[in-house]
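The values are calculated or read from the model by the stated rules, or taken from the named source; none is laboratory data. Everything numeric in this text was worked out from a predicted model, so none of it was measured. Here the Cβ is made from the backbone with ideal geometry for all residues, glycine too, and neighbour counts use every protein chain on show.
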Amino acid sequence: MLDLAALKAAFDALHEEWTEPDGLEYGMAAKTIQIALGRAWWDANLELSSTPNEFARNGFNASDDDHWWYRRVVSQLADTLFELRTAEGFDAALNRFRKRPLRSSFFEAHIASQFAECGHRVTVIKESGVRGQDFDFQAVRNGMCVNVEVTETLRPQPCADALAEKLRKKVSQLPSDAPGILALVIPDSWATMADIVEPALGFACTNLFRRSRRINAVIVSWVAGIPTIEGGYISAECFRLYEHPSPRTPMVDLGLVRPRTPIPDMRSLLEELTKNNGRGDVTAESARPKQSSFIAWYHAIR
């Protein structure tokens, strides 16, 4: 449970002490995480450290790229926890963070929060170890229920066979008698390898669909860091949907499972954000991402 009274009090105190927007946003995100997961968890996982978390990259004297990544993780985790605060099984999601590595817990919760943000009623599923019942969350919208399993690949280079095998192993965690989705998180660096990534993903999904009718689609998720004229970065979150041509349990409207409108292909991502002006020509203002949900909530109640 997220204590909103404590959160508001923490935000009030920050606004009395801070005036710089980026620092204030970071402070609000940090407080959201600390109130949800506890100060001890924050200190062990996200506090700046001489022995940084491999995923969070929260080291002292970090490079510009690592610092951008760290601030992104903190901001997105806070937004994720706030979005999921009313979800059934929210405590189960918090326990995953406390008992498991940050990386896997982060992506599972973040994908679930994307569904919640778009109006789905999300239920986080407690781990059971039972095949067919051990998926990550369930999402319901407009009477349509879909079960979702989240997975990630850490390979530095895309490999079609490895992707196909990863997806194949995950299918059995979803029920065989209900609509199912696999959400695959790929490395951000793959966004610059469109010529080999897209064929590999296409092969893996086609191979999966030939072998199994249990799932309805694969959602591929990745983030691109776009450099701005001011010298910073804009985080662009992207999704790509691969639909099964004949799933066992059809869905009335598969479009409802899309967390956001996907970029048509990876190659067009940079062009889409920079309006074809070339790398580095996008400004922070022109590509400003949506306001974090915890910030919007606070401004609404002040």
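Matching residues to (1) more than 23 Å from Ile234 (Cα to Cα); (2) without any contact (Cβ under 8 Å) to a residue 40 or more places away in the chain; (3) within 26 Å of the chain's Cα centre (by Cα):
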residue	(1), (2), (3)
Asp3	yes, yes, yes
His15	yes, yes, no
Glu20	no, yes, no
Gln34	yes, yes, yes
Trp41	yes, no, yes
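Is it fair to say Asp22 is outside any loop (DSSP other than H, G, I, E, B) and within 28 Å of Lys99 (Cα to Cα)? Considered against the rule, which asks whether it is outside any loop (DSSP other than H, G, I, E, B) and within 28 Å of Lys99 (Cα to Cα), Asp22 comes out as no.
Scan region 140-154 for residues that are in a loop (DSSP other than H, G, I, E, B) and surrounded by 14 or more Cβ atoms within 10 Å (Cβ to Cβ) and jot them down. Give the steps one after another, and end with the answer.
Quick first cut of region 140-154, residues in a loop (DSSP other than H, G, I, E, B) only: 142-143, 153-154.
Hit for region 140-154 is Thr153, nothing else.
Taking Ala6 as the residue in question, decide whether it is touching a helix residue (DSSP H, G or I) at 6+ places or on another chain (Cβ under 7 Å), assigned to a helix (DSSP H, G or I) and loosely packed, with under 15 Cβ neighbours inside 10 Å. Break it down stepwise before answering.
Values: touching a helix residue (DSSP H, G or I) at 6+ places or on another chain (Cβ under 7 Å): yes; assigned to a helix (DSSP H, G or I): yes; loosely packed, with under 15 Cβ neighbours inside 10 Å: yes.
Spelling it out, Ala6 is indeed touching a helix residue (DSSP H, G or I) at 6+ places or on another chain (Cβ under 7 Å), assigned to a helix (DSSP H, G or I) and loosely packed, with under 15 Cβ neighbours inside 10 Å.
In region 43-59, the qualifying residues are those that are buried (at least 16 other Cβ atoms within 10 Å of the Cβ) and not in a loop (DSSP other than H, G, I, E, B), and the one that is nearest to the chain's Cα centre (by Cα) is Asn45.
Mind listing just one residue for me: the one in region 194-225 that is assigned to a strand (DSSP E or B) and in contact with a Ser or Thr (Cβ under 7 Å, 6 or more places away or on another chain) and, of those, modelled with the lowest pLDDT? First the steps, then the outcome.
The initial filter retains those residues of region 194-225 that are assigned to a strand (DSSP E or B), namely 217-225.
Filter once more, keeping what is in contact with a Ser or Thr (Cβ under 7 Å, 6 or more places away or on another chain): 223, 225.
On the way: Val223: 79, Gly225: 69.
For region 194-225, the residue satisfying everything is Gly225.
Pairing each residue of region 238-259 that is assigned to a loop (DSSP other than H, G, I, E, B) with any residue that is modelled with pLDDT of 60 or more and of a type in the set (Lys, Arg), provided the two are 6+ apart or on different chains, yields C-beta distances under 8 Å for His244/Arg213; Ser246/Arg213; Pro247/Arg213; Pro247/Arg214; Arg248/Arg213; Arg248/Arg214.
Among the residues of region 184-192, are any closer than 25 Å to Phe137 by Cβ, over 21 Å from the mean Cα position of the chain (by Cα) and not polar (S, T, N, Q)? Steps first, answer last, please.
So in region 184-192, the residues closer than 25 Å to Phe137 by Cβ come out as 184-188, 190.
Narrowing the set further to residues that are over 21 Å from the mean Cα position of the chain (by Cα) leaves none.
No, the conditions are met nowhere in region 184-192.
Please list, ordered by residue number, the helices (runs of 4 or more DSSP H) wholly in region 60-131 having 3 or more residues that are touching a His at 6+ places or on another chain (Cβ under 9 Å).
64-83
Yes or no, residue by residue, for (1) over 24 Å from Glu108 (Cα atoms); (2) of a type in the set (Phe, Trp, Tyr):
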site	(1), (2)
Glu54	no, no
Asp64	yes, no
Tyr70	no, yes
Ser75	no, no
Asp79	no, no
Phe82	no, yes
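In region 131-146, the residues that are touching a residue at least 40 places away in the same chain (Cβ under 8 Å) form Cβ pairs under 7 Å with partners that are polar (S, T, N, Q) and outside any strand (DSSP E or B), at six or more places apart or across chains, as follows: Arg131/Ser172; Arg131/Gln173; Gly132/Ser172; Gly132/Ser176; Phe135/Gln173.
Selection of region 60-69 for residues being farther than 18 Å from Leu154 by Cβ, under 22 Å from the mean Cα position of the chain (by Cα) and modelled with pLDDT of 90 or more yields only His67.
Would you be able to tell me the number of residues in region 126-139 that are more than 17 Å from the chain's Cα centre (by Cα) and either surrounded by 15 or more Cβ atoms within 10 Å (Cβ to Cβ) or not hydrophobic (A, V, I, L, M, F, W, C) (or both)? Walk me through how you get there before you give the answer.
First, the residues of region 126-139 that are more than 17 Å from the chain's Cα centre (by Cα): 126-134.
Subset that is either surrounded by 15 or more Cβ atoms within 10 Å (Cβ to Cβ) or not hydrophobic (A, V, I, L, M, F, W, C) (or both): 126-129, 131-134.
Qualifying residue count, region 126-139: 8.
Yes/no matrix, rows are residues, columns are (1) touching a helix residue (DSSP H, G or I) at 6+ places or on another chain (Cβ under 7 Å); (2) hydroxyl-bearing (Ser, Thr, Tyr):
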position	(1), (2)
Tyr26	yes, yes
Trp41	yes, no
Phe55	yes, no
His67	no, no
Ala92	no, no
Asn95	no, no
Arg100	no, no
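When region 91-119 is limited to residues that are touching a residue at least 40 places away in the same chain (Cβ under 8 Å) and over 18 Å from Trp42 (Cα atoms), the one that is surrounded by the fewest Cβ atoms within 10 Å (Cβ to Cβ) turns out to be Cys118.
Condition check: of a type outside the set (Gly, Ala, Ser), surrounded by 14 or more Cβ atoms within 10 Å (Cβ to Cβ), closer than 28 Å to Ile35 by Cα and in contact with a Phe, Trp or Tyr (Cβ under 6 Å, 6 or more places away or on another chain). Does Val122 satisfy that? Criteria met by Val122.
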